[in-house]
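The values are calculated or read from the model by the stated rules, or taken from the named source; none is laboratory data. Please read these numbers as outputs of a predicted model, since none were measured by experiment. Please note: Cβ atoms are built from the backbone with ideal geometry, for glycine as well, and neighbour counts cover all protein chains shown. The accessibility values were calculated without ligands, DNA or RNA, using every heavy atom of the protein model including side chains. Shrake-Rupley method; radii C 1.70, N 1.55, O 1.52, S 1.80 Å.
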Amino acid sequence: MEEPAEKRVKMPITLGYWKIRGLAQPIRLLLKYAGIEFDNVMYEQGDGPEYSFEEWKSVKFTLGLDFPNLPYLIDGDIKISQTNAILRYIARKADLCGKTEKEMAIVDMMASEIMDMRNAFIGLLYGKEDYNNIKDAYITKVKTRCEKISKFLGDKKWLAGDEITFPDFHLYEMLDQHCLFQPGILDEFPSLKAYKQRFEALPAIKAYMESDEFMKAPVNNKICQWNP
């Protein structure tokens with residue numbers, strides 16, 4: 001017989017990812033902002049020259065995921081992968097997907113736009129070519145992207161308006177990573193600089209960043225060319 005709902009123990013959400021910031025960092029930030037408890041399961045890549053994925057591969061097909069990948073999220077019988085799907089799932093719980101049709105459209109657009117920004121960065125850092133040889137060209141391109149985002153942001157507090165939504169968490173992470181990669185990169189974009197500071201000042205985020213739980217490094221996996 002099924003146990004009465006009031007007697008069931010609600011298990012915390014499980015978030016699984018590599019033992020790095022990477023794609024999971026905006027998810028961790030969102031969970032902390034929303035006040036949602038979670039188990040932060042992390043897998044460590046082996047050292048070089050092999051850079052083994054065995055710690056993840058050994059459990060990859062045992063978790064009941066339809067599309068086994070990192071990051072993944074498990075919430076009871078809900079088991080999903082894909083970063084934006086996870087961010088959107090959490091955001092629906094916390095009402096951070098936008099309020100109006102226009103806001104929700106902006107949220108969907110910016111979720112994809114920021115993922116494009118990340119993928120371009122990953123392509124540079126995990127590519128076969130020495131990133132130092134093409135860094136200048138990349139910086140030029142990413143500044144063009146920052147200019148567009150800055151113009152879109154305008155005098156708004158957040159991407160969709162006065163209230164924060166889930167793409168803001170991913171944008172913050174990308175801005176912070178680029179500030180580590182190229183110090184001063186936001187000097188030309190005061191609105192993005194202020195946006196980043198505004199995000200860091202959010203009480204829940206500030207408390208998380210000052211706690212032992214917060215991961216400052218590593219940003220990327222061991223195989224990556226750049227890893228502060």
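Before moving on, here are some points about what is shown:
- Surrounding net charge for Glu163, when Lys and Arg each add one and Asp and Glu each subtract one, Cβ distance under 14 Å: +1
- Cα shape, the range 164-223, gyration tensor, a/c 1.5 rule: oblate
- Taking Lys and Arg as +1 and Asp and Glu as -1, the other residues whose beta-carbon sits under 11 Å from that of Lys99 total -4.
- Note, ³J(HN,Hα) from phi for the range 32-39, Karplus 6.51, -1.76, 1.60, rounded to Hz, x at Gly and Pro: 5, 4, 7, x, 9, 5, 8, 8
- Taking Lys128, Lys157, Lys32 as the candidate residues, the one with maximal mean-square fluctuation in a Gaussian network model of the chain, Cα springs under 10 Å, is Lys128.
- Amide H contacts of Lys99 (H built 1.01 Å from N, in plane; Pro and chain starts excluded): Met104 sit under 5 Å, all sequence-distant by 5 or more or on other chains.
- Rounded to 5, the percent of DSSP beta bridges in the range 10-165 classed as antiparallel: 55 percent
- Share of carbon and sulfur in the accessible heavy-atom surface of the range 1-152 [1.4 Å probe, %]: 51 percent
- Over the range 128-223, accessible surface divided per residue gives 53 Å², non-protein components excluded, 1.4 Å probe.
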